[in-house]
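One structure is given below, encoded as structure tokens.
The values are calculated or read from the model by the stated rules, or taken from the named source; none is laboratory data. No experiment lies behind these values; they were computed from the predicted model shown. Note that we place each Cβ from the backbone using ideal geometry, even for glycine, and neighbour counts take in every protein chain shown. Side chains included, ligands, DNA and RNA excluded: accessible areas come from the protein's heavy atoms. Shrake-Rupley method; radii C 1.70, N 1.55, O 1.52, S 1.80 Å.
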Amino acid sequence: MTGIDNYPAEQYDLKTAAAWILGHARNTGVPELPEAVKPVRLDPADECPEELLKQIAAAGTAAGLKMYPFKISTQHLRRTRRVLGFLHSISFTTMLDVGSGRGVFLIPFMKEFPHVRVTGLDLLEKQVTFLNELADGGFPQLHAQMADICTQPFSENSFDVVTMLEVLEHIPEVEKAVAAAVRIARQYVVVTVPSKPDNNPDHIHLLTKEKLSRLFEEAGCTKLHFDGVEGHLFMVAALQ
């Protein structure tokens, strides 16, 4: 099982990797899985024999599938934990995650909130495909779609919570993105952004507390809570 056993157990999310491989196999036919495995769905809430997970993961690595999205990174752990901690303090059943990427936040979120229906939004087709394959293999509460938040792709009050984590600093029309999030959310908009300049050329805004406050106030939201974590701003906008 080259490519699987080389990862330390505490740094590799084997069950989530196996779920994606199942979904990817159903979508593309690669890898070819044993008949007994094909109908399996790896719901995170269910127990699953480790040998079965290794069998699925081994088939994926043998077919050349990349496992790096399932390495557990400690770099984002505190920031992710801060957001998850807030979400544990409220009651909600639906969420929109803007700029979901490869699920760095969504994967731990779905494990801790298996009964929340979540929509992942991204501009890149490959990321949306990845998330929908993950959903098919073991995260049925997830649906991903390719759309731009600035076009306000959902109706008013469509989701209890909207998360925009490490996203706003990338968006040229940041005012439109904030206005859309406030319109689409029923209860809260949750934001994280870098709090100091960095060398990432894709970061086109440095959104300070003052700038974020102005953006959300212009969108009609004045109930804002700020905190700092790991060189980032954490912000919750309450809409009720």
Original post:
Is one or more of the residues making up the stretch 180-189 outside any loop (DSSP other than H, G, I, E, B), under 30 Å from LEU22 (Cα atoms), at pLDDT 95 or above and β-branched (Val, Ile, Thr)?
Top reply: no
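Residue by residue, here is whether (1) farther than 20 Å from SER73 by Cβ; (2) assigned to a helix (DSSP H, G or I); (3) without any contact (Cβ under 8 Å) to a residue 12 or more places away in the chain; (4) more than 13 Å from the chain's Cα centre (by Cα) holds:
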site	(1), (2), (3), (4)
GLY101	no, no, no, no
VAL104	no, no, no, no
PRO108	no, yes, no, no
PRO114	yes, no, no, yes
VAL118	yes, no, no, no
LEU131	no, yes, no, no
ALA135	yes, yes, no, no
PRO153	yes, no, no, yes
GLU175	yes, yes, no, yes
**OP:** Would you tally the residues in the stretch 9-29 being more than 17 Å from PHE70 (Cβ to Cβ) and part of a loop (DSSP other than H, G, I, E, B)?
**Re:** 1
**OP:** Please determine, by comparing only the residues of the stretch 30-43 that are surrounded by 10 or more Cβ atoms within 10 Å (Cβ to Cβ) and closer than 16 Å to ALA135 by Cα, which one is modelled with the highest pLDDT.
**Re:** LEU42
**OP:** Within the stretch 44-93, count every residue that is open to solvent by less than 20 Å² (accessible area, probe 1.4 Å) and of a type in the set (A, V, I, L, M).
**Re:** 7
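Table: residues versus (1) in contact with a helix residue (DSSP H, G or I) (Cβ under 7 Å, 6 or more places away or on another chain); (2) open to solvent by 10 Å² or more (accessible area, probe 1.4 Å).
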{"residue": "ILE171", "(1), (2)": "yes, yes"}
{"residue": "ALA177", "(1), (2)": "yes, no"}
{"residue": "ASN199", "(1), (2)": "no, yes"}
{"residue": "SER213", "(1), (2)": "no, yes"}
{"residue": "ALA219", "(1), (2)": "yes, yes"}
